[in-house]
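Asker: To start, I am sharing the structure in question, which I have written as structure tokens.
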């Protein structure tokens with residue numbers, strides 16, 4: 001693809017030079033000829049450099065790209081590091097770029113990764129719907145897409161999808177709520193409808209409390225972390241009788257916990273989450289968060305790399321892989337190593 005682009009540049013440069021020479025004076029013709037020669041030399045140099053890069057890539061093996069919705073999130077960092085370690089252990093190249101919680105930015109990132117010659121894209125989308133143009137660009141360039149953690153809307157353009165069983169993670173939280181409050185309770189949640197993984201967590205939570213007197217009395221959607229604290233504080237003010245406050249992941253729930261503690265309501269409100277991050281499990285161990293449904297970004301990352309190599313070698317993979325989660329509570333937190341991801 002790179003060699004083709006270089007050829008186009010050469011032809012384009014020659015065509016522009018010849019057009020500029022038409023109908024000109026002798027001096028202009030000479031200048032145009034010099035321009036043409038310079039353009040041809042520059043284009044040839046670019047072609048040689050591009051071919052060298054391509055040969056270097058072939059010698060160095062495959063190139064893998066990774067982009068996630070937010071690379072400040074410890075989960076996405078752990079998943080990235082697991083992928084990178086496994087790819088580089090095979091002598092291949094791994095390039096990671098943050099989507100910065102903005103789908104337009106992430107689409108540009110993916111275009112950049114395509115131009116850098118990636119063979120496979122590990123994708124955790126910011127927005128399951130608006131990532132579509134980037135998926136189409138990958139398909140046009142022959143880049144294989146391995147979707148991780150949060151699903152894209154159009155799965156016809158990906159090879160496989162790997163994630164925690166997010167419905168089960170939400171269900172585990174919901175079942176624990178019903179167990180703690182058999183006579184019913186009031187629940188507030190902070191969610192993100194743009195992330196398919198979070199949608200599934202909420203689905204599982206709602207399924208678990210259906211038919212009980214445990215009720216979601218207030219909910220707020222966010223797309224960036226800077227929205228969490230104000231929303232949590234507003235919801236605490238609006239709802240004097242909250243029993244459970246559920247956040248979409250540990251980072252969000254730890255902020256919620258801070259708001260609950262600042263409001264002097266930590267004795268009356270149990271804060272729950274999904275992630276099982278070291279900070280989340282440590283908080284459970286210290287009596288902060290009540291529970292977190294633990295997933296394993298390391299397993300997702302390593303399994304995603306295995307799938308990618310299988311695909312590149314012409315093998316077949318499943319359309320979807322759902323990895324199990326474990327609800328971490330004060331009763332079992334020490335068995336789940338608070339200092340590490342599960």
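The values are calculated or read from the model by the stated rules, or taken from the named source; none is laboratory data. In this text the structure is predicted, and so the values were computed from the model without any measurement. All Cβ positions, even for glycine, are placed from backbone atoms using ideal geometry, and neighbour counts span all protein chains on display.
Asker: Looking at region 147-155, is at least one residue farther than 22 Å from residue 100 by Cβ and over 16 Å from the mean Cα position of the chain (by Cα)?
Answerer: no
Asker: Regarding region 258-268, can at least one residue be identified that is in contact (Cβ under 8 Å) with a residue 60 or more places away in the chain and surrounded by fewer than 20 Cβ atoms within 10 Å (Cβ to Cβ)? It would help to see each step written out before you state the result.
Answerer: Quick first cut of region 258-268, residues in contact (Cβ under 8 Å) with a residue 60 or more places away in the chain only: none.
The answer is no; no qualifying residue exists.
Asker: Still on this structure: For region 291-312, does any single residue satisfy the condition of being in a loop (DSSP other than H, G, I, E, B) and over 19 Å from residue 68 (Cβ atoms)?
Answerer: no
Asker: Among the candidates 342, 266, single out the residue that is assigned to a loop (DSSP other than H, G, I, E, B) and in contact with a strand residue (DSSP E or B) (Cβ under 8 Å, 6 or more places away or on another chain).
Answerer: Going through 342, 266 in turn, just one is assigned to a loop (DSSP other than H, G, I, E, B) and in contact with a strand residue (DSSP E or B) (Cβ under 8 Å, 6 or more places away or on another chain): 342.
Asker: Let me ask something additional. Search region 114-125 for residues being crowded, with 24+ Cβ neighbours inside 10 Å and farther than 18 Å from residue 309 by Cβ, and hand back the single one that is farthest from the chain's Cα centre (by Cα).
Answerer: Per the stated criteria, the residue is 125.
Asker: Check whether at least one residue in region 317-328 is in a helix (DSSP H, G or I) and either touching a helix residue (DSSP H, G or I) at 6+ places or on another chain (Cβ under 9 Å) or surrounded by fewer than 24 Cβ atoms within 10 Å (Cβ to Cβ) (or both), and report yes or no. Can you show your working first?
Answerer: Initially, region 317-328 is screened for residues in a helix (DSSP H, G or I), giving none.
No, region 317-328 contains no residue that is in a helix (DSSP H, G or I) and either touching a helix residue (DSSP H, G or I) at 6+ places or on another chain (Cβ under 9 Å) or surrounded by fewer than 24 Cβ atoms within 10 Å (Cβ to Cβ) (or both).
Asker: Filtering region 165-174 down to residues that are in contact (Cβ under 8 Å) with a residue 60 or more places away in the chain and outside any loop (DSSP other than H, G, I, E, B), which residue is surrounded by the fewest Cβ atoms within 10 Å (Cβ to Cβ)? Spell out how you get there, then give the answer.
Answerer: Of the residues in region 165-174, the ones in contact (Cβ under 8 Å) with a residue 60 or more places away in the chain are 165-166, 168-170, 172-173.
Imposing the further condition that a residue be outside any loop (DSSP other than H, G, I, E, B) reduces the set to 166, 168-170, 172-173.
Values: 166: 27, 168: 21, 169: 28, 170: 28, 172: 26, 173: 28.
Residue satisfying both the conditions and the ranking: 168.
Asker: Just need a number here: residues in region 236-249 that are closer than 19 Å to residue 206 by Cα and either in a helix (DSSP H, G or I) or in contact with a helix residue (DSSP H, G or I) (Cβ under 8 Å, 6 or more places away or on another chain) (or both).
Answerer: Residues in region 236-249 being closer than 19 Å to residue 206 by Cα and either in a helix (DSSP H, G or I) or in contact with a helix residue (DSSP H, G or I) (Cβ under 8 Å, 6 or more places away or on another chain) (or both): 7 in total.
Asker: Ok, one more. Can you tell me how many residues within region 234-244 are out of contact with any strand residue (DSSP E or B) (no Cβ under 7 Å at 6 or more places or on another chain) and either more than 28 Å from residue 69 (Cβ to Cβ) or surrounded by fewer than 17 Cβ atoms within 10 Å (Cβ to Cβ) (or both)?
Answerer: To start, the set of residues in region 234-244 that are out of contact with any strand residue (DSSP E or B) (no Cβ under 7 Å at 6 or more places or on another chain) comprises 234, 236-237, 240.
Next, from what is left, pick out any that are either more than 28 Å from residue 69 (Cβ to Cβ) or surrounded by fewer than 17 Cβ atoms within 10 Å (Cβ to Cβ) (or both): 234, 237, 240.
Residues in region 234-244 being out of contact with any strand residue (DSSP E or B) (no Cβ under 7 Å at 6 or more places or on another chain) and either more than 28 Å from residue 69 (Cβ to Cβ) or surrounded by fewer than 17 Cβ atoms within 10 Å (Cβ to Cβ) (or both): 3 in total.
Asker: Using the structure shown, decide if residue 247 is on the phi > 0 side of the Ramachandran plot and either at pLDDT 95 or above or surrounded by 15 or more Cβ atoms within 10 Å (Cβ to Cβ) (or both).
Answerer: Values: on the phi > 0 side of the Ramachandran plot: no; either at pLDDT 95 or above or surrounded by 15 or more Cβ atoms within 10 Å (Cβ to Cβ) (or both): yes.
No; evaluated as a whole, the condition is false for this residue.
Asker: Moving on. Limited to region 78-99, what total is found for residues that are farther than 23 Å from residue 138 by Cβ and buried (at least 18 other Cβ atoms within 10 Å of the Cβ)?
Answerer: Filtering region 78-99 down to residues farther than 23 Å from residue 138 by Cβ leaves 78, 81, 85, 89, 91.
Those still in the list that are buried (at least 18 other Cβ atoms within 10 Å of the Cβ) too: 78.
Summing the residues that are farther than 23 Å from residue 138 by Cβ and buried (at least 18 other Cβ atoms within 10 Å of the Cβ) in region 78-99 gives 1.
Asker: Could you please find all residues in region 195-219 being within 14 Å of residue 249 (Cα to Cα) and not in a helix (DSSP H, G or I)?
Answerer: 195
Asker: Scan region 330-339 for residues that are crowded, with 16+ Cβ neighbours inside 10 Å and assigned to a loop (DSSP other than H, G, I, E, B) and jot them down.
Answerer: Result: 338, single match.
Asker: Quick check on my filter: what residues within region 175-197 are over 22 Å from residue 260 (Cα atoms) and surrounded by 16 or more Cβ atoms within 10 Å (Cβ to Cβ)?
Answerer: 175, 194, 195, 196, 197
Asker: Please state which one of 284, 271 is in contact with a strand residue (DSSP E or B) (Cβ under 9 Å, 6 or more places away or on another chain), outside any strand (DSSP E or B), modelled with pLDDT of 95 or more and buried (at least 21 other Cβ atoms within 10 Å of the Cβ).
Answerer: Exactly one residue qualifies, and that residue is 284.
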